[in-house]
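First the structure, in the form of structure tokens, and then the observations on it.
Just so you know, all these numbers are worked out from the coordinates, no wet-lab data involved. Because the structure is predicted, anything quoted here is derived from the model rather than measured. In this analysis, Cβ positions are derived from the backbone assuming ideal geometry, glycine residues included, and neighbour counts consider all displayed protein chains.
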Amino acid sequence: MNDYRKNITRTALKGLAALLIFIVAGTVLMIAAYCFPVSMIQKHTGESIDILENEYEYYGYAPRVSTSYPDHYTDALMLSMAAAPRTGSVIYDAMNCGPLFIPSFSYGETLMYIFGEGQIDEAFVGSYPRYWHGYLIWLKPMLTVMTYSEIRILAMCFQLALLFWALYELRKKDMRLVPGFFFAFLFLNPITTALSIQYASVYCITLIMTAIMLHFDLFTDEKCPWVLFGGGIAVAFFDFFTYPVVALGIPLIISVFLSSDQGLGRNIRKILTGSFAYFAGYAGMWGGKWITADLLIKSGTIRDAINEIFIDATGAEDKAVYTIPYVYRQILMHITHKSIVIIAFIFLAVLAFLLIRKKCRIKPDITAVLLLVISLYPFVWYAVVKQHSATMTRMEQRELAVTIMGIVSAVLICLKRDDIIG
């Protein structure tokens, strides 16, 4: 018992030390990002406003299919932050992360006005210290040499390379993991993530976590929680608040699937420790920004963040109160389009063909139950962050990629015949 407590204490101290290192590193990286010359960033941002003029908030390349809508509203906010002029010391700017804005204008309208009309002097620099805004460490340097359109092209190439790498690593481990993973990332919609900076962070982090975990065999009981801990830190640093459960659920499904021969107890422990590790990294990194911002610029960020957490958890915003059933209905409304039904039907048809032709057989596997438990993670998340889930359904629906992969993987782990499927 004493050895167990010592191991837990040692692991917790290692995690805390790693978290502190990442908080310091994040602060240094943000300060470095704000050292880039703003003039070239503003030049290339100004050359990018035609995208906002043509697409902006309500553009979807497949209307009425919700995953086809890039989040140009938030992308405009990101561009506004990157292009904002220096307002004080570089430390203040890096912790404050203020966007350009004009009162009563949206961020996109602000950019279109100040760069289209040349009226940048009419804009103010706001304050947004609650997030790390880690995307600025690559967005600012890239905007010094290219436009938003060119960034999109590079993003598409980078994301496709990551997807192929992850699929290649999955194929080497167990072919049965590929269909669920592929369907999950189809649901996330690679076209949309290439067109939207906002949606790209969790998408890329999940792919990188998956590929690294598989390539270096880090899906074991001891190493998987550290991968998830690092993933939680990365999501908190780079992402706004989009679909963070995907970066936990998909690697966790893969890890449990590949450890199905290690027994029920060990896999339950892996799920619990992995989930705790992810959210410890996620919450710890977020809390690190609030504390750092308050210490360095006296921003009142901790008070603001606690207020936002209360709103999300209670589902109460102004006079509106969002209940859990209402949140679930709002989310599920977004996944009833015909393309999803057709893909599901094709999957079931292929499965039925294999069973009828006796190309494979079903052998129940207790690990399937654990995979189905993980597939419910998005619904737990929706119940916890009710307000955000109800009002940001286009964003939050993407958590259901975990549900898709969990269900498909649970079915396929019960299929046995090595020469056909694994």
**Study point:** Coordinate range along principal axes, alpha carbons of the chain, Å, largest first
**Key:** 71, 57, 45
Point to revise | Rounded tilt (10° steps) of 107-116 against the dominant C-alpha axis of the chain | key: 50 degrees
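Output the Kirkwood hydrodynamic radius of region 174-421, Cα pairs only, in Å rounded to one decimal.
Averaging 1/r across every pair of different Cα atoms and inverting gives 19.2 Å.
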Revision key, fill the gap. Dividing the helical contributions, -39500 (n - 2.57) per DSSP H run of n ≥ 4, by the residues of the chain yields a 222 nm value, nearest 500 deg cm²/dmol, of -22000 deg cm²/dmol
Study note, to complete from the structure: Expressed as a whole-number percentage, the relative contact order of region 81-217 with C-alpha contacts under 8 angstrom and at least six residues apart is 20 percent
Check your understanding: How long is the gain from residue 158 to residue 414 if the chain were fully straight, where each residue apart is worth 0.36 nm and the alpha carbon distance is subtracted?
Key -> 88.7 nm
Check your understanding: Taking only C-alpha pairs under 8 Å that are 6+ residues apart, what is the relative contact order of region 174-421 in percent?
Key -> 28 percent
Exercise for review: Report the one residue of 273, 46, 100 whose Cα lies farthest in the direction of the positive end of the charge dipole of the chain (charges on C-beta: Lys and Arg +1, Asp and Glu -1; origin at the Cα centre).
Suggested key: 273
Check your understanding: Between residue 304 and residue 324, what FRET efficiency comes out of the Förster formula 1/(1 + (r/R0)^6) with R0 = 25 Å and r the beta carbon distance, rounded to 0.05?
Key -> 0.45
Review point. When the Cα centres of region 71-111 and region 203-235 are compared, how far apart do they sit, in Å?
Key: 32 Å
Check your understanding: Under the definition of Cα pairs under 8 Å and six or more residues apart, what whole-number percent is the relative contact order of the chain?
Key -> 18 percent
Practice item. Compute the length gained on full extension between residue 10 and residue 363: take 0.36 nm times their separation in residues and subtract their Cα-Cα distance, giving the result in nm to one decimal. Key: 123.0 nm
Check your understanding: Classify region 17-94: rounded, prolate or oblate, from the alpha-carbon gyration tensor (a ≥ b ≥ c, eigenvalue square roots; a/c under 1.5 rounded; otherwise prolate if a/b is larger than b/c)?
Key -> oblate
Review point. Which ³J(HN,Hα) values, rounded to whole Hz and listed in residue order, are derived for region 144-151 from phi using the Karplus coefficients 6.51, -1.76 and 1.60 in 6.51 cos²θ - 1.76 cosθ + 1.60 with θ = phi - 60°, glycine and proline given as x?
Key: 6, 10, 8, 8, 4, 4, 5, 5
Point to revise | Stretch gain in nm, segment residue 64-residue 352, where the contour uses 0.36 nm per residue and the Cα spacing is subtracted | key: 100.6 nm
Point to revise | Residue-by-residue Karplus 3J(HN,Hα) for region 69-77, coefficients 6.51, -1.76, 1.60, Hz, glycine and proline x | key: 9, x, 9, 6, 4, 6, 4, 5, 4
Practice item. Could you tell me how many degrees, from 0 to 90 and to the nearest 10, lie between the Cα long axis of helix 264-297 and the main elongation axis, the longest principal axis, of the Cα atoms of the chain? Key: 10 degrees
Practice item. Let me see the pair-distance distribution of region 359-414: every alpha carbon pair, 10 Å bin width, integer percents in order. Key: 25, 39, 23, 11, 2
Exercise for review: At 7 Å along the Cα-to-beta-carbon direction for both residue 269 and residue 149, put a label point, then send me their distance in nm to one decimal.
Suggested key: 5.7 nm
